[in-house]
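Readers should treat all values here as calculations from the given coordinates under stated rules, not as data from a laboratory. Since we're looking at a predicted model, the values are computed, not measured. Cβ placement follows ideal geometry from the backbone for every residue including glycine, while neighbour counts extend to all protein chains displayed.
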Amino acid sequence: MTRPHNPVIVIPARLAATRLPDKPLADIHGEPMIVHVWRRAVEAAIGPVLVAAAEDVIADAVRAAGGEVVLTDPALPSGSDRVYRAVETIDPGGAHDAVVNLQGDLPTIDPESVRACLAPLDDADVDIGTLVTEITRPEEREDPNVVKAVAGLAPGTRVGRALYFTRATAPWGEGPLYHHIGLYAFRRAALARFVGLPRGILEQRERLEQLRALEAGMRIDVARVDTVPLGVDTPADLDRARAVLAPR
């Protein structure tokens, strides 16, 4: 088992958001944010792109732009569950052997980063691939909102095994800290296993879904990229996204 040959990108999206209501529909230069994310995914050119929408209004916006949508139960507990249900709906036979879970609030994601998340799956022992970038801003080292991936990446290497993810400052000592970027490439069987697992003790403590996989003995490797996409959670984030994506 090596790198999957037929991946699909799935973007989960729902309206419920406490800090930025109706976030997927937020206007960015005349198009909803979810459409910008869908476009970045299409530009990655690694396979078909599907939006897993919780509400009809999101589905309508994506279809108007030419995208494919599956409606999912709004009550699903997480984006990963939404992604899994969507893939099982469109591909019950398992033709897609990997699933990239791309968050719907990353309108500035570099398509190259989307492609990079598949690199860890070159190793047959890896269940899940994800992304990191080196922290360069001192204030982010102590910020609990900047999730750190603990991974021993030797100088010059781009892929390595994740030992832990935390909101704390880790590891201790001299050397780089890595900012985790919440984009995942699951082998199809790994996604099915993951959504069937009970929530982990550390997952609940740190409020980090990926720790469920590590607690269950699944292997996550990280690929290092050079840019951090802007996650849009607040009105201020939305203003920054509009500035980044302003027509030139």
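See the values below:
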read-out: For a label point 7 Å along the Cα-to-beta-carbon line of Ala16, residues of the stretch 53-95 with backbone N under 13 Å; value: 54-55, 73-79, 82
read-out: Per DSSP, loop GluC sites (Glu not before Pro) in the stretch 171-248 with at most 13 further Cβ within 10 Å; value: Glu174
read-out: Using θ = phi - 60° and Karplus 6.51 cos²θ - 1.76 cosθ + 1.60, couplings along the stretch 139-151 (whole Hz; Gly, Pro as x); value: 5, 6, 4, 9, 7, x, 7, 9, 6, 9, 9, 8, 8
read-out: Helical contribution to [θ] at 222 nm, DSSP H n ≥ 4, -39,500 (n - 2.57), averaged over the chain, rounded to 500; value: -8000 deg cm²/dmol
read-out: Over the chain, equivalent-ellipsoid semi-axes from the Cα gyration tensor in Å; value: 26, 22, 17
read-out: 5 angstrom amide H check on Val69, placed H, neighbours 5+ away; value: Val51
read-out: Qualifying chymotrypsin sites (Phe, Trp or Tyr not before Pro) in the stretch 162-248, DSSP loop, other Cβ atoms within 10 Å at most 10; value: Trp172
read-out: Candidates Pro111, Pro24, Pro235: whichever shows maximal mean-square fluctuation once the chain is modelled as a Gaussian network with Cα springs under 10 Å; value: Pro235
read-out: Separation between Cα centres of the stretch 169-225 and the stretch 82-140, rounded to whole Å; value: 12
read-out: Rounded to whole Hz, the Karplus (6.51, -1.76, 1.60) HN-Hα couplings of the stretch 106-121, x for glycine and proline; value: 10, x, 9, 4, 6, x, 5, 5, 4, 5, 5, 5, 7, 4, x, 6
read-out: Rounded to 5, the percent of DSSP beta bridges in the chain classed as antiparallel; value: 55
read-out: For Val147, distant residues with modelled amide H under 5 Å away; value: His180
read-out: Taking Val37, Val42 and counting other C-beta atoms within 10 Å, the order from fewest to most; value: Val42, Val37
read-out: Order of Thr234, Thr166 under a 10 Å beta carbon neighbour criterion, fewest first; value: Thr234, Thr166
read-out: Length-normalised contact order of the stretch 110-228 in % [C-alpha pairs under 8 Å, at least 6 apart]; value: 38
